[in-house]
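*Asks:* One structure follows; several queries about it will come next.
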Amino acid sequence: MIARENLKLIHRSALLLSGWKTHAPQEEFSGIKIEEFEQAIQELDASKEVIRQHQAAIRREIARRQTLQSKVVALAGALAKGIAGHIRHGKNSPILRGAGYKTAQEYKSGLTWKTPSTPEDTPLSA
């Protein structure tokens with residue numbers, strides 16, 4: 001972002017150009033012609049407009065991405081339930097296991113994903 005002080009100077013530059021056009025449009029100051037200064041301000045304004053348009057496009061794309069993410073999550077949940085309930089695949093499907101789900105066999109075996117919470121719970125190695 002542009003510092004607040006720079007924003008003030010940019011605003012002041014526009015006022016300076018306006019006053020220059022009104023009171024001394026033929027004059028040249030510090031080797032700068034009014035056309036050169038006006039062009040620089042116009043280029044800055046055009047650049048700011050391009051940035052505003054890109055920011056708006058980014059905001060729209062973020063909203064679109066969030067909608068698509070919700071759709072994918074809902075589809076993935078339905079798909080996992082469909083695989084688990086399928087007659088040939090079921091809850092022990094390698095498809096589910098490969099996606100990180102615990103299979104029915106893992107639940108029955110007592111296999112857990114818990115990690116020891118304290119050093120006393122950690123088995124000692126020989």
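The values are calculated or read from the model by the stated rules, or taken from the named source; none is laboratory data. Since we're looking at a predicted model, the values are computed, not measured. Heads up, the Cβs are rebuilt from the backbone with ideal geometry, glycines too, and the neighbour counts pull from every protein chain shown.
*Asks:* Among the listed residues I62, I34, I58, which satisfies the condition of being more than 31 Å from the chain's Cα centre (by Cα), farther than 20 Å from N6 by Cβ and of a type in the set (V, I, T)?
*Replies:* I34
*Asks:* Restricting to the stretch 77-124, what's the tally of residues that are in a helix (DSSP H, G or I), among the basic types (K, R) and modelled with pLDDT under 70?
*Replies:* Total satisfying the criteria: 1.
*Asks:* Sticking with this structure for a sec: Residue by residue through the stretch 1-30, note down the ones that are free of Cβ contacts under 8 Å to residues at least 12 places away in the same chain and among the basic types (K, R).
*Replies:* Once the filter is applied, which keeps residues that are free of Cβ contacts under 8 Å to residues at least 12 places away in the same chain and among the basic types (K, R), the stretch 1-30 yields R4, K8, R12.
*Asks:* Scanning for something more than 30 Å from G98 (Cα to Cα), in contact with a helix residue (DSSP H, G or I) (Cβ under 6 Å, 6 or more places away or on another chain) and modelled with pLDDT of 95 or more, does the stretch 21-36 turn up at least one residue?
*Replies:* yes
*Asks:* Right, here's the next one. For the stretch 11-36, how many residues meet the condition of being touching a Leu at 6+ places or on another chain (Cβ under 9 Å) and either farther than 26 Å from K48 by Cα or not hydroxyl-bearing (S, T, Y) (or both)?
*Replies:* 1
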